[in-house]
Amino acid sequence: MVDVGDNAEIANGGEIGAHASAVSSVLRPCQQALTGMARTGMGDAPEWNPPHPNGCCPALRLRASVTAMQFDYREIRAGGMIMRAAVLDCREQEPDGPPLLMLNGIGFNAELMEPLAMALAEPGPDAPKGRAVVIPEMPGCGGSPDPEQTLLMCSLSSVVTELMEALHPGRAFDCVGFSWGGALAQQIAVQSARRLTRLALISTTSGMPLAPANPNVLRRLIDPKEYVDPLRLSSNFHALLAEGGANATLLRRFRTPSPQGLGSQLLALTGWTAAPLLPFVRVPVALVGVADDAIVPYLHHKMLGCLLPQATKIELASGGHLASLARPANVSPALRAFLAG
């Protein structure tokens with residue numbers, strides 16, 4: 001109840017209604033907050049944000065932006081082939097910063113990278129309007145058709161760069177590469193340097209001959225007999241994912257690649273290295289390594305650090321090869337800070 005005083009002069013009943021309505025609009029949020037405290041207890045009371053002049057508090061605007069961002073799967077022709085890509089755009093407004101290209105592990109479909117992509121793209125203090133993301137699927141992986149010819153890293157680099165030009169004409173882009181995708185990201189950095197603004201490499205290799213991964217894991221990955229049979233290939237990939245630290249949610253997202261697709265990616269990596277050219281990379285670089293990685297040993301992370309001495313180092317003590325995909329919250333804050341510059 002509001003006490004207007006004994007001597008207050010009221011002109012007419014309409015003015016009383018106007019004053020009462022104005023006071024009520026100011027006090028209503030306070031009453032709602034107090035009701036919440038009474039219902040949940042003082043310590044659990046929901047945080048209350050006062051009304052803003054534009055009629056929407058920051059939390060509501062942020063929630064609306066997140067809702068407006070969603071993945072759209074498209075088939076895009078680039079480099080004489082068709083590639084399926086997961087595209088994340090903010091439908092209501094132009095996203096912040098350059099578009100973000102995310103390159104996946106060998107044989108992986110784009111859905112496996114969605115959680116990390118969303119963690120990097122959703123609106124926040126560093127990017128109030130969110131970021132645009134593109135996750136292409138390599139030939140024979142996810143929904144992309146099988147390769148019709150042998151593709152080397154230099155060819156794939158050109159195809160992916162052309163795909164980004166088709167989606168974001170004339171714009172340079174940031175790139176995050178995971179595992180096999182980190183190798184392709186390095187190739188893009190040395191082959192299309194003018195198109196790249198920032199580079200993040202996660203659990204990947206420079207291609208230099210270093211200590212092998214777990215012998216059993218390596219054998220299943222390179223033995224042709226292990227991926228000629230689609231059922232055997234699916235079983236082996238699920239075993240690799242589990243050994244790499246994948247949780248049940250990530251395993252459910254996995255789509256087995258075709259034998260042709262996996263063979264093409266293995267062939268592209270055979271004999272490839274960007275090591276001699278990495279010291280000439282001039283864009284900011286971040287390196288993410290996991291100490292207990294059984295698929296790409298931590299020594300590869302250290303070697304990349306020697307080749308890119310100015311790089312930002314992000315190091316995880318545990319979580320396995322797939323730590324960044326299975327538990328994005330462990331690495332996304334550091335990556336967001338790096339990408340924000």
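Read the figures in this text as sums done on the coordinates, not as results from a lab. A quick note: this is a predicted structure, and the numbers were derived from the prediction, not measured. Please note: Cβ atoms are built from the backbone with ideal geometry, for glycine as well, and neighbour counts cover all protein chains shown.
A few notes on this one:
- Proximity of backbone amide H atoms, modeled 1.01 Å from N, is registered between Val176 and Leu101, Met102, Leu103, Ala200 at under 5 Å, excluding neighbours fewer than 5 places apart on the same chain.
- Rg followed by Dmax, in Å, when segment 253-341 is reduced to its Cα trace: 15.0, 40
- Exposure proxy order (Cβ contacts within 10 Å, fewest to most) of Trp272, Trp180: Trp272, Trp180
- Taking a ≥ b ≥ c as the square roots of the eigenvalues of the alpha-carbon gyration tensor, segment 67-173 is classed prolate because a/c is 1.5 or more and a/b outweighs b/c.
- Overall shape of segment 71-340 was characterised from the C-alpha gyration tensor. The equivalent ellipsoid obtained from it has semi-axes of 25, 21, 19 Å, in decreasing order.
- Only lysines eight or more places from Lys313 in sequence, or on another chain, were considered; those with a Cα closer than 19 Å are Lys302.
- Ranked for footprinting exposure by Cβ neighbours inside 10 Å, fewest first, Ser179, Ser192 give Ser192, Ser179.
- Ranked list, fewest to most other Cβ atoms within 10 Å of each Cβ, for Lys225, Lys302: Lys225, Lys302
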